[in-house]
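This report concerns only the one structure given below.
The values are calculated or read from the model by the stated rules, or taken from the named source; none is laboratory data. Note that the structure is a prediction, hence the values are computed from the model and not measured. Positions of Cβ are backbone-derived with ideal geometry, glycine not excepted, and every protein chain shown enters the neighbour counts.
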Amino acid sequence: MNLKRTLKGTGETENFAKEIAKDLQNRVILMNGDLGAGKTFFTKVVAEYYNCDDTSSPTFTLHQRYEGDITIHHFDLYRLKSEYELDNIGFFEYIDSGDTCFIEWADKFNLKDELEKYTEITITVDNPNDRTITVTSFGD
Ligand SMILES: Nc1ncnc2c1ncn2[C@@H]1O[C@H](COP(=O)(O)OP(=O)(O)O)[C@@H](O)[C@H]1O
Ligand SMILES: [Mg+2]
């Protein structure tokens, strides 16, 4: 997969996330983009697509697990200080599990070296309602 789109408004982001949701199944998705770019928004649309439980947790932690038609692991590494902490939460076991994994702020750490294949999603903010998204798969 190698896509680039301009997404005008959350509706277009929602449609696009649903459009590619099937291609993200069982993959590790490294997500990058500024705070408020839409990484969480995108992940939640995919979770919804797979009929996962209500994913809006008021106390979002480092790792959330969503169960539905598939299992999704959602990581937010924003507050993580060191790569050691990844080991402590069993991060690499989840990554190797074959479940679908979304990782926000993936670029903080050298995760690409640890992965044989992954999909990279980068979101940039064009203006308050518009985003540019690139989706690129590596390793297969
Ligand atoms: N085109 C768009 N695509 C995605 N989010 C958008 C868009 N336009 C506005 N937004 C808003 O941007 C915010 C993105 O927040 P969030 O997903 O939490 O960002 P991040 O996880 O990258 O920090 C949401 O409030 C969403 O409603
Ligand atoms: Mg987020």
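Only one entry in Y78, Y94, Y118 is within 15 Å of ligand 2 (Cβ to nearest atom) and in contact with a strand residue (DSSP E or B) (Cβ under 9 Å, 6 or more places away or on another chain), namely Y78.
Restricting the first member to the range 11-36 and to residues that are in contact (Cβ under 8 Å) with a residue 60 or more places away in the chain, and the second to residues that are away from ligand 1 (no atom under 13 Å from the Cβ) and in a helix (DSSP H, G or I), the beta-carbon pairs closer than 6 Å and six or more apart or on different chains are V28/I95.
Close contacts from the range 64-84, counting a first residue that is within 16 Å of L111 (Cβ to Cβ) and a second that is polar (S, T, N, Q) and modelled with pLDDT of 95 or more, with Cβ to Cβ under 7 Å and a gap of 6+ residues or different chains, come to H74/T43. For the structure I just gave you, tell me whether K39 is under 25 Å from L3 (Cβ atoms), loosely packed, with under 14 Cβ neighbours inside 10 Å and touching an Asp or Glu at 6+ places or on another chain (Cβ under 7 Å). Answer is no for this residue.
Look through the range 7-31, keep the residues that are of a type in the set (S, T, N, Q) and over 14 Å from the mean Cα position of the chain (by Cα), and return whichever of them is nearest to D96 (Cα to Cα). If we take residues in the range 7-31 being of a type in the set (S, T, N, Q) and over 14 Å from the mean Cα position of the chain (by Cα), then N15 is nearest to D96 (Cα to Cα). Residues being surrounded by fewer than 19 Cβ atoms within 10 Å (Cβ to Cβ) and within 14 Å of ligand 2 (Cβ to nearest atom) are represented in the range 124-140 by at least one member.
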